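We did not get these values from a lab; they are worked out from the coordinates using the rules stated. Keep in mind it's a predicted model, so treat the numbers as computed, not measured. Neighbour counts are summed over all protein chains in view; Cβ atoms, including those assigned to glycine, are modelled from backbone coordinates with ideal geometry.
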Amino acid sequence: MPVLRTLVLRAVTAVMLMAIAGVVTAQQSYPGKPIRFIVANPPGGSGDILARLVAEKLMESLGQQVVVDNRPGATGMIGTALAARALPDGYTISIISSTHVINSILVAKLPYDGAKDFDPVGTLTISQFLLTINPSLPAHNLKEFIALAKSKPGQLNYASSGYGAVSELAAETFNMMAGVKMQHIPYKGAGPALTELIGGQVQVYFATSISTMPHIRNGKIRAIAVSGKTRLSVLPDLPTFDEAGLPGCCAENWFGIVVPAGTPKTIIDKLSTEIAKIMRQPSAAATLAGQGVEAFISTPEQFRTLMTNDRDRITRVVRAANIKPR
């Protein structure tokens, strides 16, 4: 029996060592197959545009296909839940924005834990929000727009990319600060919201510059003001909310990459390093600058701290604006 026990112990030990060796080898040779890049937004929105830029550059640097998989709906919760259930092996990555944090505050029953089910890889960009309107509205600056909204309480509709999206939070903050009341019309992503704004089905949309710049340039929508402390270099004549008389309005939006919780740190660090290199490339910087977006590079640890701080800040805004969980 002692001999048999020894043989069994040796066999079990050998299997464990082989398994460990296999994991180490897999991590060292990562990536050895295509990577799935889940985008919880429809094509055409800010997240999709940015994800495709990153995917193209990642394919070049990693030597593997990076397949963008759009899974829109429920303010990003459908695609995000899918990403949370993926194997933590580095072959599923997903892009999130500030909405990821907002959902954890405003959605009563999330199908995932926004903090515990994901490991941060790093941030990509940070962008300001533009107050954009349909050109049919007789307003060309912030003072005229506030006066118009006050004269039509409840009659102006604003679009958002979904319940709990940053665009809704920005609009509700504006309602509160400007003393106006606009009606919320949610859509399944930034692309559809922008389409409806251009078509005149809604009159107002707080949007990031990356998705709106082409339409501002061709006159299909009109920009009234931009959040942040400085003007956009691509729209130098557009005043900030501070300059236009409504200081502190309305929001900033970041995008970043996450992986399922439990993904090996060596893989996370490799992805973080490659993504940081991409965001520092002159070609990527030029593309972003043309859209009025800044690269925003962070380590996994810095990204985690950002989300924690955002959660505290957004909670205060939600309570002040009396936005109820859904």
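Where does each of F296, F255, F37 land when they are ranked from fewest to most other beta-carbon atoms within 10 angstrom? Walk me through the intermediate numbers first.
Values: F296 19, F255 25, F37 22.
Least to most surrounded, the residues fall as F296, F37, F255.
Quick one: helix 142-151 against the long Cα principal axis of the chain, what's the angle to the nearest 10°, folded into 0 to 90?
Long axis of 142-151 versus the principal axis of the chain: about 80 degrees.
Once both axes come from the Cα atoms, what is the angle between helix 265-280 and the longest principal axis of the chain, in degrees from 0 to 90, rounded to 10?
That helix lies at roughly 40 degrees to the long axis.
Where the centroid of each part is defined by its Cα atoms, how far is the stretch 115-137 from the stretch 48-90 in Å?
The two parts, judged by their Cα centres, are 17 Å apart.
Nearest-5 percent of antiparallel DSSP beta bridges in the chain? Present the calculation step by step, with values, prior to reporting the outcome.
Numbers: 24 of 40 bridges.
Once the DSSP bridges in the chain are tallied, antiparallel ones form about 60 percent.
Most exposed first by the Cβ proxy, i.e. fewest other Cβ within 10 Å, how do D312, D119, D242 rank? Walk me through the intermediate numbers first.
Working: D312 10, D119 19, D242 16.
Ordered from fewest to most neighbouring Cβ atoms within 10 Å, D312, D119, D242 come out as D312, D242, D119.
Using the structure shown, list the pairs from K116/K265; K188/K277; K33/K116; K57/K220 with a Cα-Cα distance above 25 Å, or answer none. Provide the component values of the computation, followed by the final result.
Values: K116/K265 15 Å; K188/K277 32 Å; K33/K116 27 Å; K57/K220 31 Å.
Listed pairs above 25 Å: K188/K277; K33/K116; K57/K220.
Exposure proxy check: I216, I93 ranked by fewest other beta carbons within 10 Å? Mind dumping the intermediate values first?
Numbers: I216 19, I93 26.
So the residues, fewest neighbours to most, are I216, I93.
Given the options G189, G292, G179, state which has the largest fluctuation in a GNM of the chain using a 10 Å cut-off (strictly under) for Cα springs.
It is G179.
Of G199, G45, G164, which has the largest mean-square fluctuation in a 10 Å C-alpha GNM of the chain?
Taking springs between Cα atoms under 10 Å, the residue moving most is G199.
If I compute Rg/Rh (Cα atoms, Kirkwood Rh) from the structure I just sent, which labelled value in [x] 1.07; [y] 1.03; [z] 1.01 lines up?
[x]
Would you mind telling me which residue in P43, P247, P72 has the biggest mean-square fluctuation in a Gaussian network model of the chain, where springs connect alpha carbons within a distance under 10 angstrom?
P247
Of all beta bridges DSSP finds with both residues in the stretch 128-244, what is the antiparallel percent, to the nearest 5? Walk me through the numbers before you get to the answer.
Working: 9 of 16 bridges.
Of the beta bridges lying entirely in the stretch 128-244, close to 55 percent run antiparallel.
Give me the percent relative contact order of the stretch 128-244, please, defined on Cα pairs under 8 angstrom at least 6 residues apart. Walk me through the intermediate numbers first.
Numbers: 214 pairs, mean separation 42.6, N = 117.
Relative contact order, the stretch 128-244: 36 percent.
Where a ≥ b ≥ c are the square roots of the eigenvalues of the C-alpha gyration tensor, would you call the stretch 64-130 rounded, which needs a/c under 1.5, or, failing that, prolate if a/b is larger than b/c, or oblate? It would help to have the intermediate numbers written out before the result.
On the way: a/c = 1.60, a/b = 1.16, b/c = 1.37.
Judged from the Cα gyration tensor, the stretch 64-130 comes out oblate (a/c at least 1.5, b/c at or above a/b).
Kindly express, to the nearest 10 degrees and within the range 0 to 90, the angle between helix 300-321's C-alpha long axis and the longest C-alpha principal axis of the chain.
With both axes taken from Cα atoms, the answer is about 40 degrees.
For a Förster distance of 25 Å, can you work out the FRET efficiency between the beta-carbons of E301 and V234, rounded to the nearest 0.05? Could the numbers behind the result be given before it?
Values: r = 32 Å, r/R0 = 1.28.
Using R0 = 25 Å, I get an efficiency of 0.20.
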